[in-house]
Amino acid sequence: MTVQDYNNCVDQYSDGVYRFIVKNIGHEADAQDIVQTAFEKLWVNREKVESFKAKSYLFTIAYHLMIDQIRKDKKESITNNFEEIKGQAHPNTNSELKQILLRAINELNPTQKSLVLLKDYEGYSYQEIGEIMNLSESQVKVYLHRARQILKGKLIHLEKMSA
Amino acid sequence: MKINIQNIDTYLMSYIDNELSLADTKELEIFLEAHPAYAKELALLKQTILEADEVVYEDKQLLYRYSEMEATLPSAFKNQLYRQETKVVEGFFTMTKIISISSVAALFLLFIGYRFYISNNDLSNTFFSQLNKMPFKNSNVGSLANTAQPSINGKLDKDNGEALITADNNIIASKNLALEKVPNFKIVNKKQIVSDKQKQSDIEVSNLIAFNSNEQNAAGGSISETNITPNSNTPELINKTIAELEPTNNNETTNESSKQAIANTKTQLEEKENYENIDTDDHDRSVYIANLEIDGDKIRGFSRRINAIFKRNKNDKQK
């Protein structure tokens, strides 16, 4: 990978990596640190990483860094932070359904949340998600379906409550 | 048809995740047309899909890298910067080892010196005991007996000078050694193994005979003047012989007493100790420690090599 390839990766993937992390942990500063660390590792290993695998490499590194950060800040409440981030990062997406959905996602466990985010935000396939999260394809499928069922149930419940 | 009511949920989930093939998608659409209730289920599941938000990472400038960042130093310059860890090889002759080896060597030398001292004492003791037990030569037996007898007994006549040989055989203080006047008296400083006891006894017998005859000629005058202090075997033997001879101072009983003296002498000579033969040749530098023989030349060569190693080590350290 050349310098130009690396800089292209910055342009193409930095936003996505940051979004994935900040939606997961809900903390901007920590998310920025994780993104910087992930790209630093990509730069160091640029000779080994091919360009077409750079995105997967970045998300993998960022995901594992995020897991470490979550373990470090286990006591920290993610839900409140997520709501704060929601207001800052998405000032124009204030629909009621989205709020309900974001609240429901915050009640998922970190693995399910990452699965949903990687699938919905980044559009990764089951196989790619499995590579990033060290899961098998069938595990990704099962966990993701379970997360969808939870979200569906939450949506139904919240809609009934709001109605 | 693969899709049915039991597996419709899996197909619906795979559908919203875009994991269905074209064929399965078409089959699902046909199924949903036939079952509108599952179409509502699909619409509800689609609501669980998050819309991609526009989140911008603002610090991209921190992530960019530039080609000048790849600038590397030339290898020749890098080689000048390299530092190799030098292994500190501790020499064999450290200060503690030198001290310990020196102390061991000093102890060894002290032990050898002590052994030398002990062996020299033994030699001197052996010499004097040998001197006291020394049989005299035949050629000048009469005169030897005349001169040796008083010296053995402890006192000499005034004509021969004053000589004192202590009974312990350790100290000789003499102004005029009578022994020097005896031409055939040979000081034997070796321990001799008297292998031929008969020969020695014959010599002793002849000495005694000569001594006896001399006593007869002297008419016992000198004997009475001597102060007999029998502490060793030979003076005791002679003293005993003299004591036996003294009461029979006449010519008639001389032969019988002589025979008795000879018999006594023989029996006592048989009881004498065997002496070892020590070679005191100057060229022999062997040191006997216990049963080990250590060559003096080899020890000297060994010490010379050790000194050479010390010097070499010292020179290396100075360098």
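With A:67, A:61 as the choices, which residue is in contact with a Pro (Cβ under 8 Å, 6 or more places away or on another chain) and over 20 Å from residue B:52 (Cβ atoms)? Spell out the reasoning first.
Values: A:61 fails: in contact with a Pro (Cβ under 8 Å, 6 or more places away or on another chain).
Criteria check complete, one pass: A:67.
Sort out which residues of segment A:136-146 are in contact (Cβ under 8 Å) with a residue 24 or more places away in the chain and more than 8 Å from chain B (Cβ to nearest Cβ), and write them in order of number. Once the filter is applied, which keeps residues that are in contact (Cβ under 8 Å) with a residue 24 or more places away in the chain and more than 8 Å from chain B (Cβ to nearest Cβ), segment A:136-146 yields A:140, A:143, A:146.
So is residue B:61 at pLDDT 80 or above and more than 7 Å from chain A (Cβ to nearest Cβ) or not? Against the criterion (at pLDDT 80 or above and more than 7 Å from chain A (Cβ to nearest Cβ)), residue B:61 qualifies. Taken as a whole, segment A:81-94 holds no residue that is farther than 23 Å from residue B:56 by Cβ, surrounded by fewer than 19 Cβ atoms within 10 Å (Cβ to Cβ) and at pLDDT below 85. Screening the candidates A:105, A:129, A:156 for the property of being more than 15 Å from the chain's Cα centre (by Cα), within 14 Å of another protein chain (Cβ to nearest Cβ) and modelled with pLDDT of 75 or more yields one hit, A:156. Scanning segment A:108-126 for residues that are in a loop (DSSP other than H, G, I, E, B) and at the interface with chain B (Cβ under 8 Å from one of its Cβ atoms) yields A:123, A:125. For segment A:15-41, a residue qualifies if it is more than 10 Å from chain B (Cβ to nearest Cβ), more than 14 Å from the chain's Cα centre (by Cα) and either at pLDDT below 90 or farther than 16 Å from residue A:56 by Cβ (or both), and the qualifying residues are A:29, A:33, A:37. Among the candidates B:114, B:66, the residue that is at pLDDT 75 or above, of a type in the set (Phe, Trp, Tyr) and surrounded by 10 or more Cβ atoms within 10 Å (Cβ to Cβ) is uniquely B:114. For segment B:30-56, the set of residues classified as more than 7 Å from every other protein chain (Cβ to nearest Cβ), closer than 16 Å to residue B:9 by Cβ, in contact with a helix residue (DSSP H, G or I) (Cβ under 9 Å, 6 or more places away or on another chain) and assigned to a helix (DSSP H, G or I) consists of B:31, B:32, B:38, B:39, B:41, B:42, B:46, listed by residue number. So, residue A:44, is that one among the aliphatic types (A, V, I, L, M) and more than 19 Å from residue A:118 (Cβ to Cβ) or not? Against the criterion (among the aliphatic types (A, V, I, L, M) and more than 19 Å from residue A:118 (Cβ to Cβ)), residue A:44 qualifies. How about segment A:36-72: which of its residues are surrounded by 14 or more Cβ atoms within 10 Å (Cβ to Cβ) and assigned to a loop (DSSP other than H, G, I, E, B)? A:46, A:49, listed by residue number.
The values are calculated or read from the model by the stated rules, or taken from the named source; none is laboratory data. In this text, all values refer to a predicted model and were calculated from it rather than measured experimentally. Reconstructed Cβ throughout: ideal geometry from the backbone, glycine too, with neighbour counts over all protein chains shown.
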